[in-house]
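**Q** Before I ask anything, let me first share the structure, which is written out below as structure tokens.
The values are calculated or read from the model by the stated rules, or taken from the named source; none is laboratory data. Please read all numbers here as calculations on a predicted model, not as lab measurements. Note that we place each Cβ from the backbone using ideal geometry, even for glycine, and neighbour counts take in every protein chain shown.
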Amino acid sequence: MKNLFCLTRHYLICLTLLLPLTAQAHQISFWNGNKTPSRQLYEQQVLQAALSAAGVKTSIDIDERNLSVSEEAAVFSKQLFDVFATVQGNPKLNAENKILIAKPIMQGLLGQRLLIIRKTDSARFDAIKQADEMKEMRSGIPTGWADVTLFKANQYNTVEIGDFETIFQYLVNNDFDYLALGANEIEQVYQQAELEKLDLTIAPTLMLRYNFPVVFYVNPNNPELAKHLNTGLELIIKNGTLKTMFDQHFGHLYSRLHLADRISFELKNPLIKSKIN
């Protein structure tokens, strides 16, 4: 199966922001891999907008390589990146020193999870009306994903298996019953992975919901960046810029995927230990 995400794209984006042209731009490294292209573009633009709002002149070195679980777990200490975005409480970062920027950027959309299932199981999923029925179905989750801890904590039947490149073949092979993906990414994944050819489909009536905020983490050796990013995010949240950007990228999905009309099952997220604004 072809790689579902962009592989290696390493380049510079120079932002000329508010400071005199003679001033030397501060360079930072932004890891933006292991996610769909739509998220990559959005998170890159949010980072740029926040730093611009904070009034800094910055050259952003963007790296979109996909990292292994162990490499991501050392994203600052060994990979030496300055900043990246992920779900708050990502367990891969448990042993990593980091600065949390507690300003969610995805309006909760990543936590609205739709289900990829086998077409032959459509009637089974259409018949689900209660949480206990949903819990009996086997949820397949790639190894190392933050969702594993979350699903198990909510007593969902959970199968941790493979990686994102192999997970759909496991579904075809009946190793589990469904894969839950964020509403912001599921259509893009479905198309890129050519899941129609595997006789897989998106369950039309169900949704799982949980608090799954996407936030920036900053290298603890760069507290100045953390300060600027926190300030900038606060500004673009207050002035509506962040919401405008989100709506431009993802606003159309609410009606197209009928999110308000789905049977929804709420899960609690034990990974979030600190209050988030």
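**Q** Residue 106 - would you say it is under 25 Å from residue 271 (Cα atoms), modelled with pLDDT of 95 or more and outside any loop (DSSP other than H, G, I, E, B)?
**A** no
**Q** Which of (1) out of contact with any Ser or Thr (no Cβ under 8 Å at 6 or more places or on another chain); (2) β-branched (Val, Ile, Thr); (3) within 26 Å of residue 142 (Cβ to Cβ) does residue 231 not meet, given it meets every other one?
**A** In the conditions (1) out of contact with any Ser or Thr (no Cβ under 8 Å at 6 or more places or on another chain); (2) β-branched (Val, Ile, Thr); (3) within 26 Å of residue 142 (Cβ to Cβ), residue 231 misses (3) alone.
**Q** Would you be able to tell me the number of residues in the range 36-64 that are closer than 22 Å to residue 239 by Cα, surrounded by fewer than 19 Cβ atoms within 10 Å (Cβ to Cβ) and among the polar types (S, T, N, Q)?
**A** Within the range 36-64, residues that are closer than 22 Å to residue 239 by Cα, surrounded by fewer than 19 Cβ atoms within 10 Å (Cβ to Cβ) and among the polar types (S, T, N, Q) number 3.
**Q** While we're looking at this one, here's another question. Of the residues that make up the range 134-145, is at least one farther than 27 Å from residue 47 by Cα, in contact with a strand residue (DSSP E or B) (Cβ under 8 Å, 6 or more places away or on another chain) and in a helix (DSSP H, G or I)?
**A** Looking through the range 134-145, at least one residue is farther than 27 Å from residue 47 by Cα, in contact with a strand residue (DSSP E or B) (Cβ under 8 Å, 6 or more places away or on another chain) and in a helix (DSSP H, G or I).
**Q** Restricting the search to the range 66-95, which residues are modelled with pLDDT of 95 or more and either part of a strand (DSSP E or B) or in contact with a Lys or Arg (Cβ under 8 Å, 6 or more places away or on another chain) (or both)?
**A** 71, 72, 73, 76, 83, 84, 85, 86, 87
Per-residue answers, yes or no, for (1) modelled with pLDDT under 95; (2) among the hydroxyl-bearing types (Ser, Thr, Tyr); (3) not in a helix (DSSP H, G or I):
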site: 224; (1), (2), (3): no, no, no
site: 227; (1), (2), (3): no, no, no
site: 235; (1), (2), (3): no, no, no
site: 244; (1), (2), (3): no, yes, no
site: 248; (1), (2), (3): no, no, no
site: 255; (1), (2), (3): no, yes, no
site: 269; (1), (2), (3): no, no, yes
site: 275; (1), (2), (3): yes, no, yes
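**Q** Scan the range 6-33 for residues that are surrounded by 13 or more Cβ atoms within 10 Å (Cβ to Cβ) and either modelled with pLDDT of 95 or more or small (Gly, Ala, Ser) (or both) and jot them down.
**A** Once the filter is applied, which keeps residues that are surrounded by 13 or more Cβ atoms within 10 Å (Cβ to Cβ) and either modelled with pLDDT of 95 or more or small (Gly, Ala, Ser) (or both), the range 6-33 yields 25, 28, 29, 30, 31, 32, 33.
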